[in-house]
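This report refers to the structure that appears directly beneath it.
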Amino acid sequence: MRRVDASQLRDARIPAVGSLTRSATLTGYESLATSLGMDSPHMLQMVSLPTEALCDPDILISLDSVARLLHESALRSRQEAFGLLLAETRGLNNLGILGLVIREEPTLRAATQALITYLRVQNGGLSLRLEDDGELEALHLELKLQRQEVARQGIEMSVAVTLRPLSTLS
């Protein structure tokens, strides 16, 4: 399993990790799944994710497997807002070194730009784009998955995880 090297944040020429994400994406999964009556190791095995991903936030894991995990967890728990519930406890600390970079930026716009630039180190299948038409700024999020039918939970979690840390800086 590949670990994220913090030095990659400094060099924008390093290629994106593709459809991999840091296992920090699963922070809080075990306690949420257990509270909803699910066996988290079994759920991870079902979608071919290593159970070590629950303990080590820096393992690179398949984004598509995470999306399937969230989808299956929502179905089995009958909790339509599973991805949002998982995102509730997230903050800058869940972004690892990227969270430190963002926190040190002098303005919210600079923090947003840093997030856009370096997000690929955190999650290779998630991209952000900032549009400014002079009157309104919009942040666009794209989650690149092979199977869009399992995307809802991942999209909702990604939006919440992206906006929550930025809202603490404003």
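The values are calculated or read from the model by the stated rules, or taken from the named source; none is laboratory data. Being a predicted model, the structure only gives us computed values, none of them experimental. Here the Cβ is made from the backbone with ideal geometry for all residues, glycine too, and neighbour counts use every protein chain on show. Surface accessibility is based on the protein's heavy atoms, side chains included, excluding ligands, DNA and RNA. Shrake-Rupley method; radii C 1.70, N 1.55, O 1.52, S 1.80 Å.
Couple of notes before you dig in:
- Theoretical gain in end-to-end length, residue 31 to residue 75 [0.36 nm per residue, Cα-Cα removed]: 14.1 nm
- Straightening the chain between residue 147 and residue 169 buys 4.6 nm, computed as 0.36 nm per residue apart minus the Cα-Cα spacing.
- Taking Cβ atoms as reference points and 10 Å as the exclusive limit, the residues near residue 165 contribute a net charge of +3, counting Lys and Arg as +1 and Asp and Glu as -1.
- Computed over the alpha carbons of the chain, Rg followed by Dmax gives 15.7, 50 Å.
- For the chain: accessible area per residue (Å², 1.4 Å): 53
- Theoretical gain in end-to-end length, residue 103 to residue 127 [0.36 nm per residue, Cα-Cα removed]: 6.7 nm
- Residues whose placed amide H lies under 5 Å from that of residue 20, excluding near-sequence neighbours: 63, 124, 125
- Length-normalised contact order of the chain in % [C-alpha pairs under 8 Å, at least 6 apart]: 27
- Residue 93-residue 52 FRET efficiency (beta carbon distance; Förster radius 25 Å; 0.05 resolution): 0.80
- Accessible surface of the chain [probe 1.4 Å, protein heavy atoms]: carbon and sulfur percent: 51
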